[in-house]
Amino acid sequence: MFWVKELPKKLPKVKSKKVDKKPIKTKKAKATKAFKKEVVKEAPPQKFPEDPVFLDLLYQIAGMQATTVAKTLFGNEITDEELSKRTGISINLVRRILYELYDNRLVSYKRLRDEDSGWYIYYWQMNPDRGVEHMRGNRRQLLQKLEEKLHEEKNTVYFMCRNNDPKVSYDAAAETEFKCPRCSKKLEPYDNSNAVVALERRVQLLREQVTQA
């Protein structure tokens with residue numbers, strides 16, 4: 001027969017050792033921190049492309065001032081008003097250049113609504129690579145557009161107010177009793193001979209390029 005020793009009614013308390021709760025650094029955590037630093041680091045500023053094809057493209061599409069606008073816009077995302085301030089070019093001419101560059105895929109825009117005024121604000125940026133690629137495949141189409149524009153400038157009588165708002169044709173001016181549709185100032189005859197000469201040069205240059213291609 002085996003005898004079992006009787007257990008005590010109360011077990012003695014055992015003191016537990018305190019465990020150090022300091023976080024353990026792992027290689028994964030270090031890698032995450034390094035990744036965050038790389039994300040925050042800003043990319044080096046881009047240089048404006050001095051490619052003759054690209055510069056020629058700007059001139060053919062939007063004239064002499066297009067290069068100034070493009071250089072100021074390149075690497076940035078800014079409004080047409082800010083572009084006008086930085087270049088010293090009138091806001092109307094800046095907008096016309098941007099619209100012509102946009103039609104030829106050289107620029108794009110992002111539209112945001114102003115919470116205070118409710119108006120949309122447009123932020124523009126350059127897309128030089130897309131524009132050059134588009135241009136190389138569409139020289140004839142651009143030539144046709146410029147020829148149509150030249151014909152319109154030669155055969156239309158224009159009027160403009162002293163605030164330099166967009167010019168309007170004789171028929172459009174007559175409909176508003178020769179008052180500017182924007183500011184209501186008096187419309188006066190506008191001499192567009194400089195625009196005609198500039199368009200003639202652009203058309204001639206593009207014709208030569210289309211013939212040689």
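Just so you know, all these numbers are worked out from the coordinates, no wet-lab data involved. All of these numbers come straight from a predicted model, not from anything done at the bench. Glycine gets a Cβ as well: all are built from the backbone with ideal geometry, and neighbour counts include every protein chain shown.
Summary of values
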| read-out | value |
| --- | --- |
| Ordering of 189-201, 159-171 by burial proxy (mean other Cβ atoms within 10 Å per residue, highest first) | 159-171, 189-201 |
| Neighbourhood net charge (10 Å Cβ-Cβ; Lys/Arg +1, Asp/Glu -1) for G63 | +2 |
| Square roots of 5 times each gyration tensor eigenvalue, C-alpha, region 56-213, largest first, Å | 27, 25, 12 |
| Alpha-carbon centroids, region 83-118 and region 149-187: separation in whole Å | 22 |
| Protection proxy ranking of 147-157, 71-81 - average other beta-carbon atoms within 10 Å, highest first | 71-81, 147-157 |
| Region 62-149, relative contact order [Cα under 8 Å, separation at least 6], % | 29 |
| Violating pairs (Cα-Cα greater than 25 angstrom) within the set K71/K185; K145/K167; K154/K179; K110/K149; K85/K149; K85/K167 | K71/K185; K110/K149; K85/K149 |
| Coordinate range along principal axes, alpha carbons of region 139-212, Å, largest first | 49, 19, 18 |
| Computed over region 93-133, the ratio Rg/Rh where both radii use C-alpha atoms and Rh is Kirkwood | 1.09 |
